[in-house]
1. Report, as a whole number in µm² per second, the diffusion coefficient that Stokes-Einstein gives for segment 10-49 at 10 °C and 1.306 mPa s using the Kirkwood radius over alpha carbon pairs.
2. Could you size up the charge dipole of the chain around its Cα centre, putting +1 on the beta carbon of Lys and Arg and -1 on that of Asp and Glu, and report it in debye to the nearest 20?
3. On the principal axes of its Cα set, how long, how wide and how thick is the chain? Give whole Å, largest value first.
4. What list of ³J(HN,Hα) couplings, whole Hz, do you get for segment 114-128 from phi and the Karplus terms 6.51, -1.76, 1.60, once you set θ to phi - 60° and write x for glycine and proline?
5. If I take all pairs of Cα atoms in segment 87-154, what percentage of them are more than 19 Å from each other?
6. Highest mean first, how do 11-19, 118-126 rank when packing is the count of other Cβ atoms within 10 Å averaged over residues?
7. Between residue 173 and residue 199, what's the calculated FRET efficiency when r is the beta-carbon distance and R0 is 25 Å? Round to 0.05.
8. Taking K and R as +1 and D and E as -1, what net charge do the other residues with C-beta under 12 Å from the C-beta of residue 82 add up to?
Amino acid sequence: MAKSGEPLTRQRVLEAALHLIDQEGLEGFSMRKLGASLGVEAMSLYNHVESKRALFDGVIELLISQAPLPLPPNATPREELWAFAHAFRDVLRAHPRVLPLVATSPLRTSASLTMLDHLLETLHRAQITGIQSIYALQCLVGFIVGHTLLGTGTQAVAGLEPGPNGPTVWQHFPADHYPRLHTLLPELVQWHADQEFDFGLQALFQGLFER
């Protein structure tokens, strides 16, 4: 609920929208609920965002702004993109119910496009230019978002669970049908999402920076 006398701003609307999605999910989100959380009528929100679509674009902008690049000016492109990948993943993991929105929405706000332009400039400093810089950035962001999606919940897609219980789902399938999988079951108890993320990121960067 809005504090008495506190003015409504676009920033406050976006922050409240992100909080509501965190609590209710996209399926439970509505402009009416958002207005109620701010102590205003839903129509008042349109003084700060043009539409529900524009609001969601702003929420994505808000997430991107939480993944800064706190690196010195002499950081290499690889160091800068490595830091961004981990920072953006941390933000997405903190807001898993927004992930479907991030995965399906192009960047459309000024602040989001500024970050996009900065990342493209970073790739250009690594001599990854032209359409290949777009391909590279799409691959990077796709990996970050996709891996984070797989890592939400209980790793249901891959059947992996960290710790001593291991991949309990796979243990019930016959070893003679899936021999290679079963030989790896003892190894899978060592699986860790962070290590897997770094492995994939290193493989991607090897293709980008060691051509």
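1. Roughly 161 µm²/s, to the nearest whole number.
2. Values: 15 positive and 21 negative charges, 95 e Å.
The calculated dipole for the chain is roughly 460 debye.
3. Here the spans come out as 67, 46, 27 Å, largest first.
4. 5, 5, 4, 4, 5, 5, 5, 5, 4, 5, 5, 5, 8, 6, 9
5. Numbers: 863 of 2278 pairs.
Everything past 19 Å amounts to 38 percent.
6. In descending order of packing, they fall as 11-19, 118-126.
7. On the way: r = 25 Å, r/R0 = 0.99.
So, using R0 = 25 Å, E works out to roughly 0.50.
8. Residues close to residue 82 contribute a combined charge of -1.
Each reported figure results from applying straightforward, stated rules to the coordinates on display, with no laboratory input. Remember, it's a predicted structure, so these values are computed and weren't measured experimentally. Positions of Cβ are generated from backbone atoms using ideal geometry, with glycine treated the same way; all protein chains shown enter the neighbour counts.
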